[in-house]
Structures are given as structure tokens and as C-alpha cells.
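Participant: Once you've had a glance at the structure underneath, I'll fire off some questions.
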Amino acid sequence: MYGNDNWINSYLDAILDAGKGAAGPGGGAGAAARVRGGGGGGYGDRPSLLLRERGHFSPARYFVEEVITGYDETDLYKTWLRANAMRSPQEKNTRLENMTWRIWNLARKKKEFEKEEASRLSKRRLENEKQQNDGTADMSEDLFEGVKGEDAGDPAVAYGDSTTGNTPKISSFDKLYIVLISLHGLIRGENMELGRDSDTGGQVKYVVELAKALSSSPGVYRVDLLTRQILAPNFDRGYGEPDEMLASTSFKNLKYERGKNSGAHIIRIPFGPKDKHLAKENIWPFIQDFVDSALDHVVRMSKTIGEEIGSGCPVWPAVIHGHYASAGVAATLLSGALNVPMVFTGHFLGKDKLEGLLKQGRQTREQINMTYKIMRRIEAEELSLDASEIVIASTRQEIEEQWNLYDGFEVMLARKLRALVKRGANCYGRYMPRMVIIPPGVEFGHMIHDFDLYGDEDNPSLASEDPSIWFEIMRFFTNPRKPMILAIARPYAEKNITTLVKAFGECHPLRELANLTLIMGNREAISKMNKVSAAVLTSVLTLIDEYDLYGQVAYPKHHKHSEVPDIYRLAARTKGAFVNVAYFEQFGVTLIEAAMHGLPVIATKNGAPVEIHQVLDNGLLVDPHDQHSIADALYKMLSEKQFWSRCRENGLKNIHQFSWPEHCKNYLSRILTLGPRHPAFGNKEDQKVPVNCRKCIIVIAVDSVSKEDLVQIIRNSIEATRTGTLSGSTGFVLSTSLTIAEIRSLIKYTGMLPTDFDAFICNSGSDIYYPSQSSDVPSNSRVTFALDNNYRSHIEYRWGGEGLRKYLVKWASSVVERKGRTEKQIIFEDSEHSSTYCLAFRVVNPNHLPPLKELQKLMRIQSLRCHALYNHGATRLSVIPIHASRSQALRYLSIRWGIELPDAVVIVGETGDSDYEELFGGLHKTIILKGGFNTPANRIHTVRRYPLQDVVALDSSNIIGIEGFSSGDIRSAMQQLGIPTQ
């Protein structure tokens, strides 16, 4: 391409200096802004494509703006600078040629990605539609008979959100104990540090205010907000306080006296590294530790409340409510262990985030998963759908466009199932959680009552008694009397702050009319921020410099949470507007707060703002990708005073619909319709020996090993403790996928007595048996095995029973091994090893088993809620209730027997049944047997879509691995774990 200097230079001019207002070189971010935005062509500019009609069409500019938009051109800009610095024309031309080819390559890659992504999405959509259609077809013909008709267009029936008919009055309940869980972020009651990091934002504010509001509602005695205790340096000591009582708004109309344990509390549970603050992506391996500690707190608090107001009987939580995916997993385990209802709020869903990141094309699916642990998050959200009674969404869009992406929820099937429930028909084990739309609330305590709805405040000048944050903002402005455009958003790409700055910077009439205030969290120095936030903030500052917006844009470094209402007031006082142009807005709490303070709003048309606007009618909706429409909307709002006044008036008039009392009224009306589910841990006289004399429990949970190896491991484990100080004070539990009949045979083979064990967790955690023997009859033949029916009442939630069995039998017949033109079925029903809550299937050829995740997906699409796992070296498939597992059975026993989980030791193999990894985490000690026996190779562990380290903290001090399994090896491991053996 030598000799093409003119073409290349004009091409680069189009890239780097398009438009009249382009500034000189100012850094990579500025160059990127000029590529995308045209460099400040003035208000009213339109995309390059329209310039053809004006006679100014530039093919190069169109190529850059329309073809390669979305890529980071910083490195191209640096190449251009280096090329211009070259003295040799030949070397310069070489660099320019390389740069041009790089641009072409970016465009080619983008087109390839878009083609592949479109093909992938189309294929996935067809697969999902086929599976959903198959799921509907698999149901009996009479299942959906009569479903259509008056129910078809009823959103309440469609989402399961119906409370008519049998809703108890809230005032009839005066002992409600509610548990909320939000694991990440910096959570405290006052002066919240919103925006300090990526995890401390709207969700933190939401859960704290929800806890306060619920505790002030009639019928609610106590609300616990469970979160993580943070003792890390450079963080306020308050985040390490175990219990912080929240000031509730009011105790009016309550019929009982408050006790010392009433009200709303932040309970901080220690889990994970003690001296380190964890981002939400790094919390996953420690969730089971949280669950064990939280379980202990809830049990103790239920008994304490019972002593205060329950006549000595425990007052168990009315509901356990998880916020975000990680808390959804925790709530699932807690609600299952306690047999109480679960509610879930996703806040921002993983599948929606994944789709957005893939569309950007900057990262592959593997890179996204590595950064955000996105597959673990999506599986957590699917699990939350399995276990929840109610899912709370803020908008209909969240349900129909976001939750509808998940295997465990489908709008049409939810409508049909809900109609069947309404008619009292048989759903054959299928179940969908109720989707309830409850918009977020705001604290009206901050509302400025002296702001005259019809008055004018024409003098926005500052006085000495005005809030200090006003001075902090106004010092940026050359003319502080202009209307203020206010944006409150953390500096993240999805908040789209740079597009707002471009819209303001390129619209000269808007710049002359108004000022812009950007509240982008709190920061000490950009260099100390995380890379994502620092990049966005640097881009914003570069744009301010490029458009020369000094004196027109405020971007204070610090503000207190308590000062946010004053910031809204200042914007309203200048007759300004609030703007939120995020690419997608999940909640839109800031929009509601702005309306409460008399501010009209300009908001994104994607997400919750659409439905908020339908209620408030106090502004305009815009396309967040179109900076010209953003500028047009802002100019219209601030220049047309009558329109501004009408929007402000509408917002103040309708804002009461988003109050916290209204939110809590809707919330509690749903909670009180949930069916009765109460913990049942048995009577004291039925709790047998371990209650009074056991100080330590050894759980042997080694599976997928030979019978001979398992027998030797059992003998060695008992010998390791029976010779030491734990002899007689140590209890033993065998936790296995074996049936009780197989356990009888195994115990007989060892020559031991069943009474050498305190309990048998069998059928992969779906049953618990206790051995007993008459004292005057030592014969092993007289031993009986008592079934724990209380445990069964814990796990029977949403069990599909016979309907699930019939579907699994049909599915098993479709799993075949293909050899040439012949097919041979490889999975068969195994009635001999099945029980009431465990459906067993025999596998002929494990090498042709489908991955377990495929079966889980299929069950969810069928709205069958269950826990499937491969065991016995993948020669058996067991399907058990969603709340049943060997780890959950251990939690049940710890509560029933009063055993502290840190005093339990679980012995597992390095591999095992597909649920073995669940036994690693938690407060109990874990001994991993790494060698000394052969583990059959199989496809058991294809269940996970993410690495093991994403769910298990293998470097935990509670976990130790040993190579052998002799009694000496086991005794040494127990001593290293702090368990005395001599």
C-alpha cells in the first residue's frame, strides 16, 4: 500500500478528527470518544449515514462508526501517534498500513462473532422450544384440559401471583420472625458507603430499608438481615460488629409490647478469610460455612423469641428470603434444613448479564466465566427457582424476558400449572414458584415536606445553613444558577455515564441551559480503584477535558449516604432533572427517590423504568444507545417549564404507590398465604443416646469404593477413636447411597453390630435410620432400624412422587447405546433399591450415560423439582427430593442431637458419588482419603459446569488430605484438625 498516503491519511482523519469540534490528541479514551461520537459536531448532528443526503457522506467515517463500534481503539490511536513521530516516510507508511489492516481485521472478527452468536442463539432457542414442547406433550392430555378461557389473559394466574380468597389478615399474626440474607457488599444501618466498591450499591440500600420497614409492620416481631462479618483493615470497625440493631420507622398500631430481641437487626456471620473483604465472585466456596453458622443463629434466636412471646415454644422464621444468587443458595440450604418457606429476589440475573457480555464481544464465554463465575451464578439461580415458594420481581419485564431464559421457569407453563392449582387439579408433581411483582420502596422519612408543590424557588443561591454537600457540588460551576442535570450511578460501563457526558458535551444549547452533576460513588484516588471503575472514570474525565466542560460538570469525590436526599433537593431547587441512562436498569430506586424529591426524570427505556413511568408519568424514556435522543429529552424537559412542572407534580402525586409501607403490605400478604411448614426435630424422649453423651460425631461418607475397602475404612475409623479419650463419647454415622437393606448386609459382613453406629444416612440422604437393640438380647438379629419420619417431613417439599417416577421411566427408555443400526437401552428402573423418597435406576453401561447436568436441565424444563445424582461408580442413578442430601441430613442431625457442627468429622474419598463435594464445605472437619484404594473411573462428575474450586475452599484449615486410610493415618489427621484422640 506504499504510495497511498493520501487515502490513508484521509482515512485516519475520518477516524481521529471527524467533525468540526474535535480537540487535539488527548489520550486513548479521547480518541475512542472521537471515533464513536464524531468529536463534538454540535447539537443536532446526526449519524454519518444521514450525511449522504446533505452531500457530506464519508465512507471512512461510516465504516468506523457503524462497523467497528464497540472495540477499544486506544491501541490503534497509540499506533497512529507513533507513526506520525516517524521521520522515515517508508516506516510511517508501514505502520499506517498495519494499522489499517488491524482495523479491517477487527471488523471481520466482529462480523464473524455476530454470525456465530446469531447461530448459537437460534440453535439454543430451537432446542429450548423443543424441550418445552416435549415437556408439555409428555403431560397427560387431561392435564391442560380447560386451562384456556378466563385464566388465559390473567397476569396473576400467569405468574402465580394471586392472593384473593384466603389471604389471612396481617393483624391476625403478631409473632412473625423473618430472615433476610444478603452476603456481599458493605452493609450497615447508617451512612452506607454506596459506591465504594462494585458490590455496595442499590441492593445494599434495598435490603437494609426492607429490614427496617418490615420490622415496623403490624404482625412482625423480629427481622434479621444476615450478612458477612468483615474484619479487614481499611474498613470501618462497624462491619465487624456481630449484631447491629436498625432504627425502625414506626411502631404504631402494634398490639404487643416489644421485647429486647424484637425489631430489625443486621447479624454479621463470620465466614471466609477473617481479615479479607471478598468480592461477590469470590464468596461461593464459603457459602456452606455461612449456612452452618446462620443455622446455629436462627435456631438459637427462634428459641429465644419463643421464650419471650411463644410460651416457651420456638418461633421459627415465617420465611427465609435470599437476595442475589449466592444468598439464594444459602437460603435454599437453610430453608431445607429448617423446613420453612423460601423467598428469592434475583436483583440482577446471571443469564441476562452473560447475554449482554457476549453481545459486547470483548470476552469469550470462558473468559466471562473466569472473571464473573457466571456459570456458578446461573446454577445458583436455577437452584433458587427449584426451592422457592415465591420469587419477587420488580417488573413484568423481569419475569417475561429475564426469568423466562431459565430452565426452571417458563411463562406459559407457569400459567397452565397455576390454573390447574386454582382448579384443584392434579399437576403430577410439577411445580413452578409464584412470580410476584412488588416494586421497590423508598423511605418517605427523607421527603422534603416544605417543598411547595405549586410554588417556585427562584433563588438557588447558597446560604450558610445549607447542607455542606451543596457547597461541594456548586464549587464546580461557573454559573450555579443553571438547572442541574443529576446522575447518581457507580462508574461501571453498564451505567453508560460516558454516553451521558457525550450527549451533554455535544449539545451546545443544552450546555448553555444547564449544568451536569455526576455522583459516581466515593473514591480516594483513581489509582486505588478497581480496573473497571478506574477505566470508566478516566473516560469521563477525558471527555470533560475534550469537550472543555470545566465549570459545567461537577464530579465530587465524596458524599455520605445521608447526604443523598440533600443532593436531590439541590437539583430540584435549581429546577433540574434526574437522568438514568443505564443500558438496563433492574430496579430503578433512584428514579423513585428523585420523584419523591420533586425531580422529573429522563430514564432508559430498558427495564424497570418503563413500568415506573407508567405509574409516575413524570418524565421521558430514551434509548440509552442514542446520545442525541438523550440530549433532546433533557433539553425539552429543562426548556419547557410547563412540561417540567407537570412532570414534577405527577411524580409527587403518584409516589405513594412506591412507599415502603405499601411494599411491606404486598410482601406480607403473599408471605401469609404460604402453606404451613414447620421444623420437626422429634421429641426429646425420641432422640436417643447421642443427645446426652456424645461430644464428637464421626461421619463415614466414603463412596464409590469396593465393599472390602469400605469395610476396612469403617473399622479403621472406629479404631482411631475408640482407643483414645474419645472412646465412648464419640458417635458414628454411616452416610451412604446404600439402602437400609444393603447397610444391614454390610454391617453383618464387617462382624460389627448396627448399634456401633448412632445413625445411618442412606439412599443418598433421603432417609435416616436409628439402630436399637433390646438390652437382654445381644443377638444381632434382634436389632431394629427405626425410620426418622420427622426427617421425611423436612424433605418431602415438592416431591413429584409417582408422576416423577413415570416421567423418569419414560426418559430412561430413551437413553440408549448406539452401535451401527442397533440401539440398546442402558438405564432401567430399579425397584429393589428404590424407596418412598428415592427413585433408583440401574445403569448397564456408564460410558454412555448422559451428563448429569443434562438430566437436571430436563427435569427443570419439565418443572419437576428434584435432586438427581449418579452413584456406585455411575452404575446407579438416584433421584431424591430437592431438599434431601447427605450434607443436609447431617445438619438435621446436628440440630436434633444438639451437636455443634465444628465437633463433627466427615471422612470422604478424593472422588465419589456426584454429591461428594457437598460434604467438603461447612463448619465440620473433613478428612479426604486420597489413596490406598481404587476408585472406578466414571462420568459421575460431569454434573458441574464450573471448577471444583468455585464451590469448595480446598485450602480451608478444616480440610486435610491423607494418602492412606489406616487407623494411624486417620488418628493423625484428626489430631491435626484439633480433634483429641488420646
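Participant: Every residue in segment 398-407 that is among the charged types (D, E, K, R), open to solvent by 10 Å² or more (accessible area, probe 1.4 Å) and over 17 Å from Arg798 (Cβ atoms), please.
Facilitator: Glu400, Glu401
Participant: Continuing with this model, one more query. Is there a residue in segment 342-354 that is of a type outside the set (A, V, I, L, M, F, W, C), part of a strand (DSSP E or B) and crowded, with 23+ Cβ neighbours inside 10 Å? Give the steps one after another, and end with the answer.
Facilitator: Filtering segment 342-354 for residues of a type outside the set (A, V, I, L, M, F, W, C) gives 345-347, 350-353.
Filter once more, so that each one left must be part of a strand (DSSP E or B): 345.
Applying the additional criterion that residues be crowded, with 23+ Cβ neighbours inside 10 Å yields 345.
So far as segment 342-354 goes, yes, one or more of its residues are of a type outside the set (A, V, I, L, M, F, W, C), part of a strand (DSSP E or B) and crowded, with 23+ Cβ neighbours inside 10 Å.
Participant: If Leu295 passes every condition in (1) open to solvent by less than 30 Å² (accessible area, probe 1.4 Å); (2) touching a Pro at 6+ places or on another chain (Cβ under 7 Å); (3) not in a strand (DSSP E or B) but one, which one does it miss?
Facilitator: So Leu295 meets the others, but not (2).
Participant: Please determine, by comparing only the residues of segment 724-745 that are assigned to a loop (DSSP other than H, G, I, E, B) and of a type in the set (Val, Ile, Thr), which one is modelled with the lowest pLDDT. Explain how you work it out, then say what you get.
Facilitator: Of the residues in segment 724-745, the ones assigned to a loop (DSSP other than H, G, I, E, B) are 724-729, 736-739.
With of a type in the set (Val, Ile, Thr) added as a condition, the list becomes 725, 736, 739.
Numbers: Thr725: 51, Thr736: 96, Thr739: 96.
The extreme case among them is Thr725.
Participant: Need pairs with beta-carbon distance below 6 Å; first residue within 22 Å of Asp289 (Cβ to Cβ) and free of Cβ contacts under 8 Å to residues at least 60 places away in the same chain and within segment 183-197, second buried (at least 20 other Cβ atoms within 10 Å of the Cβ) and among the basic types (Lys, Arg); sequence gap 6+ or separate chains.
Facilitator: Matching pairs, first to second residue: none at all.
Participant: Of all residues in segment 916-932, which are of a type in the set (D, E, K, R) and modelled with pLDDT under 90?
Facilitator: Glu917, Lys930
Participant: Six or more apart or on different chains, Cβ under 6 Å: which pairs go from a residue in segment 607-634 that's touching a residue at least 40 places away in the same chain (Cβ under 8 Å) and among the aliphatic types (A, V, I, L, M) to one that's open to solvent by 50 Å² or more (accessible area, probe 1.4 Å) and assigned to a helix (DSSP H, G or I)? Could you list them?
Facilitator: The qualifying pairs are Val615/Gln657.
Participant: Right, something else. Of the numbered conditions (1) at pLDDT 90 or above; (2) open to solvent by 30 Å² or more (accessible area, probe 1.4 Å), Ala884 fails exactly one; give the number of that condition.
Facilitator: Evaluating Ala884 over (1) at pLDDT 90 or above; (2) open to solvent by 30 Å² or more (accessible area, probe 1.4 Å) leaves (2) as the failure.
Participant: Okay, moving on. Looking for something over 34 Å from the mean Cα position of the chain (by Cα) and more than 30 Å from Tyr406 (Cα to Cα) - is there at least one such residue anywhere in segment 801-819?
Facilitator: The answer is yes, given that some residue of segment 801-819 is over 34 Å from the mean Cα position of the chain (by Cα) and more than 30 Å from Tyr406 (Cα to Cα).
Participant: Considering only segment 506-526, I want to know if a residue exists there that is touching a residue at least 12 places away in the same chain (Cβ under 8 Å), in a helix (DSSP H, G or I), surrounded by 20 or more Cβ atoms within 10 Å (Cβ to Cβ) and in contact with a Ser or Thr (Cβ under 8 Å, 6 or more places away or on another chain).
Facilitator: no
Participant: Report every pair of residues separated by at least 6 positions or lying on different chains whose Cβ atoms are under 6 Å apart, first residue within segment 371-389 and within 29 Å of Arg670 (Cα to Cα), second part of a helix (DSSP H, G or I) and charged (D, E, K, R).
Facilitator: Listed pairs, sorted by first residue: Ile378/Lys351.
Participant: Return the residues of segment 559-593 that are more than 30 Å from Thr345 (Cα to Cα), part of a loop (DSSP other than H, G, I, E, B) and not small (Gly, Ala, Ser); say none if nothing qualifies.
Facilitator: Thr574, Lys575
Participant: Only residues that are assigned to a loop (DSSP other than H, G, I, E, B), modelled with pLDDT of 90 or more and open to solvent by 20 Å² or more (accessible area, probe 1.4 Å): list them for segment 408-431, please.
Facilitator: Matches in segment 408-431: Glu410, Tyr431.
Participant: In segment 794-810, how many are part of a helix (DSSP H, G or I) and under 27 Å from Glu389 (Cβ atoms)?
Facilitator: Residues in segment 794-810 being part of a helix (DSSP H, G or I) and under 27 Å from Glu389 (Cβ atoms): 10 in total.
Participant: Sort out which residues of segment 186-197 are of a type in the set (Gly, Ala, Ser) and either under 16 Å from Lys557 (Cα atoms) or at pLDDT 95 or above (or both), and write them in order of number.
Facilitator: Selection gives Gly195 alone.
Participant: Filter segment 328-344 for residues that are touching a Leu at 6+ places or on another chain (Cβ under 9 Å) and among the hydroxyl-bearing types (Ser, Thr, Tyr) and give the result.
Facilitator: Thr332
Participant: Give all pairs with beta carbons closer than 8 Å in which a residue from segment 571-598 that is on the phi > 0 side of the Ramachandran plot and of a type in the set (D, E, K, R) meets a residue that is modelled with pLDDT under 90 and open to solvent by 10 Å² or more (accessible area, probe 1.4 Å); count only pairs at least 6 apart in sequence or on separate chains.
Facilitator: Once the first residue is on the phi > 0 side of the Ramachandran plot and of a type in the set (D, E, K, R) and sits in segment 571-598, its partners that are modelled with pLDDT under 90 and open to solvent by 10 Å² or more (accessible area, probe 1.4 Å) give Lys575/Glu457.
Participant: Same structure again: How about segment 898-911: which of its residues are open to solvent by less than 10 Å² (accessible area, probe 1.4 Å) and not small (Gly, Ala, Ser)?
Facilitator: Within segment 898-911, Val905, Val906, Ile907, Val908 meet the criteria.
Participant: Also, I was wondering about something else. I need the helices (runs of 4 or more DSSP H) fully contained in segment 636-723, keeping only those with at least 3 residues that are surrounded by 15 or more Cβ atoms within 10 Å (Cβ to Cβ) and modelled with pLDDT of 80 or more.
Facilitator: By residue number, 641-654, 660-671, 707-722.
Participant: Oh, and also: Within segment 844-857, identify whether any single residue is of a type outside the set (D, E, K, R) and in a strand (DSSP E or B), and answer yes or no.
Facilitator: Within segment 844-857, not a single residue is of a type outside the set (D, E, K, R) and in a strand (DSSP E or B).
Participant: Also, quick follow-up: Given the structure, is Lys531 open to solvent by 10 Å² or more (accessible area, probe 1.4 Å) and modelled with pLDDT under 95? So that I can check it myself, show each step before the final result.
Facilitator: Working: open to solvent by 10 Å² or more (accessible area, probe 1.4 Å): yes; modelled with pLDDT under 95: yes.
Answer is yes for this residue.
Participant: Which of the residues spanning segment 214-228 are open to solvent by 10 Å² or more (accessible area, probe 1.4 Å) and within 26 Å of Ala489 (Cα to Cα)?
Facilitator: Arg228
Participant: Only residues in segment 269-289 that are in contact (Cβ under 8 Å) with a residue 12 or more places away in the chain and open to solvent by less than 30 Å² (accessible area, probe 1.4 Å) count as the first member; pair them with residues that are of a type in the set (Lys, Arg) and in a loop (DSSP other than H, G, I, E, B), Cβ under 8 angstrom, at least 6 apart or cross-chain, and list the lot.
Facilitator: Trp284/Lys373
Table: residues versus (1) within 26 Å of Phe409 (Cα to Cα); (2) more than 37 Å from the chain's Cα centre (by Cα); (3) modelled with pLDDT of 90 or more.
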| position | (1), (2), (3) |
| --- | --- |
| Met752 | no, yes, no |
| Cys762 | no, no, yes |
| Asp767 | no, no, yes |
| Ser775 | no, yes, no |
| Cys838 | yes, no, yes |
| Val843 | no, no, yes |
| Pro850 | yes, no, no |
| Lys853 | yes, no, no |
| Lys857 | yes, no, yes |
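The values are calculated or read from the model by the stated rules, or taken from the named source; none is laboratory data. Since the structure is predicted, the reported quantities are computational estimates derived from the model, not experimental observations. Glycine also receives a Cβ, built like all others from the backbone with ideal geometry; neighbour counts cover every protein chain displayed. Surface areas here come from the heavy atoms of the whole protein model, side chains and all, with no ligands, DNA or RNA. Shrake-Rupley method; radii C 1.70, N 1.55, O 1.52, S 1.80 Å.
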